[in-house]
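Some notes on the structure that comes next.
The values are calculated or read from the model by the stated rules, or taken from the named source; none is laboratory data. Bear in mind that the values here come from a model prediction, so they are computed numbers and not experimental data. Note: ideal-geometry Cβ built from the backbone for every residue, glycine included; neighbour counts use all protein chains shown. Note: accessible area is taken over every heavy atom of the protein model, side chains too, but ligands, DNA and RNA are not part of it. Shrake-Rupley method; radii C 1.70, N 1.55, O 1.52, S 1.80 Å.
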Amino acid sequence: MDLTSGIVARPSRLADGRELIYYDDADTSLPPERSIDARTLDPRPPTATMRQDVLTGEWVSIAAARQNRAFLPPAELDPLAPQTPTNPSEVPSDYDVAVFENRSPSFGPRIGTEFSLEDLDRIGLGRSLPSIGRCEVVCFSPEHEGSFGSQTESRARTVIEAWADRTAALSALPGIQQVFPFENRGEAIGVTLLHPHGQIYAYPYVTPRTQRLVESIEKFAGSNPGQSLFESILESERASDRVVLSGKHWTAFVPFAARWPVEVHMLPHRHVPDFAATNDEERDELASLYLTLLRGIDKLYDTPTPYIAAWHQAPVNVARDDIRLMLQVTSPRRAESKLKYLAGSEAAMGAWIGDVLPEATAAFIREGISTL
Ligand SMILES: [Zn+2]
């Protein structure tokens, strides 16, 4: 299936029925044929159950099967490397970018519309529902070393195309309410696989953070009739001294009320609710800007910076004219060998204390980028 910019998607299936899609770079050297997955695999674990926390109304997916997932395997047994005679990994053939359903997912494999947003919104004791949804792994490269920032621009462009293609496909599945691409990078973040990869979660609900955002949008509209929250954020941040990087279509900045020692948000200049709505020019520029941003963040200290890169997208059925696609990169690193830990106030109360002035963080990151 030809996507944009000469990138080709090649859908296939794994031995236990999971979907695997190869995304070939526009300048790929791979042949079109891919191997069959000849492994004998156990049946997929049953869909987890999620329970409602009656104190907050939030849903917690209890996915016990995840306890057995691979933990920092040696490179020769890495599940994300292309299969070899001695490594029965998850990807049968060599690849550029590969996306497949997680073997021990937090949500799914079951999908369906057996409950509605209203059902989810009610509060009651002892409520549980099936963890409808889908969790996918996005392999950025067949090479074991590196992260998103170490990829070529062509490869970065292929990953962005995969995010757009998967966002469209997952959003169309019955019962999916929000699609979230993200990357956990670094042992300090708790990654269990060092191979360069990210994930995509397709949730059966609108996430708590996005529900708060919808409330803020409504409040902001109440006191600023006719003004868009994201347009106003972009305008005020672009006029501030917290901008770290900008192009024709995107601007990256340290937000006014940054929580983490390193926190950068990036917004498209045009209102787009998610990756699927971005156009070719926006995707091309993003490939280059995003690499520069991550490489600049890696220049802050002598060793790579652990981070979470979160792509906030508008939910499938809620506030799509108001919620704009937004990158949030955060790192707990506050010094060469010091991390910020979420302690009592943040973890228990959600009451955040910022350790660093956002303007100082912005200057620090601009300096990192300037050394590239
Ligand atoms: Zn690997």
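Just to be sure I understand, how many residues within segment 168-194 are within 16 Å of the ligand (Cβ to nearest atom) and either touching a strand residue (DSSP E or B) at 6+ places or on another chain (Cβ under 6 Å) or of a type in the set (Asp, Glu) (or both)?
Here the count works out to 5.
Which of the residues spanning segment 133-148 are touching a residue at least 60 places away in the same chain (Cβ under 8 Å) and within 9 Å of the ligand (Cβ to nearest atom)?
Selection gives 142, 144.
This table checks each residue for (1) in contact with a Cys (Cβ under 7 Å, 6 or more places away or on another chain); (2) open to solvent by 10 Å² or more (accessible area, probe 1.4 Å); (3) outside any loop (DSSP other than H, G, I, E, B).
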{"site": "193", "(1), (2), (3)": "no, yes, no"}
{"site": "198", "(1), (2), (3)": "no, no, yes"}
{"site": "211", "(1), (2), (3)": "no, yes, yes"}
{"site": "214", "(1), (2), (3)": "no, yes, yes"}
{"site": "226", "(1), (2), (3)": "no, yes, no"}
{"site": "234", "(1), (2), (3)": "no, no, yes"}
{"site": "258", "(1), (2), (3)": "no, yes, no"}
{"site": "263", "(1), (2), (3)": "no, no, yes"}
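Go through (1) surrounded by 11 or more Cβ atoms within 10 Å (Cβ to Cβ); (2) outside any loop (DSSP other than H, G, I, E, B); (3) out of contact with any helix residue (DSSP H, G or I) (no Cβ under 7 Å at 6 or more places or on another chain); (4) at pLDDT below 95 and name the single condition residue 73 misses.
Status for residue 73: all satisfied but (2).
Can you name every residue in segment 117-145 that is open to solvent by less than 40 Å² (accessible area, probe 1.4 Å) and in a loop (DSSP other than H, G, I, E, B)?
Listed by number, the residues that qualify are 124, 131, 132, 133, 140, 141, 142.
Which of the numbered conditions does residue 75 fail, given that it passes all the others? Conditions: (1) away from the ligand (no atom under 16 Å from the Cβ); (2) farther than 26 Å from residue 209 by Cα.
Exception for residue 75: condition (1).
Condition first: closer than 27 Å to residue 150 by Cα, out of contact with any helix residue (DSSP H, G or I) (no Cβ under 6 Å at 6 or more places or on another chain) and more than 16 Å from the ligand (Cβ to nearest atom). Can you find one or more residues in segment 36-52 that meet it?
The answer is no, given that none of the residues of segment 36-52 is closer than 27 Å to residue 150 by Cα, out of contact with any helix residue (DSSP H, G or I) (no Cβ under 6 Å at 6 or more places or on another chain) and more than 16 Å from the ligand (Cβ to nearest atom).
Please work out which residue is nearest to the ligand (Cβ to nearest atom), limiting yourself to segment 84-103 and to residues that are touching a Lys or Arg at 6+ places or on another chain (Cβ under 8 Å) and open to solvent by 20 Å² or more (accessible area, probe 1.4 Å).
So the residue we want is 88.
Kindly indicate whether residue 51 is assigned to a strand (DSSP E or B) and open to solvent by 40 Å² or more (accessible area, probe 1.4 Å).
yes
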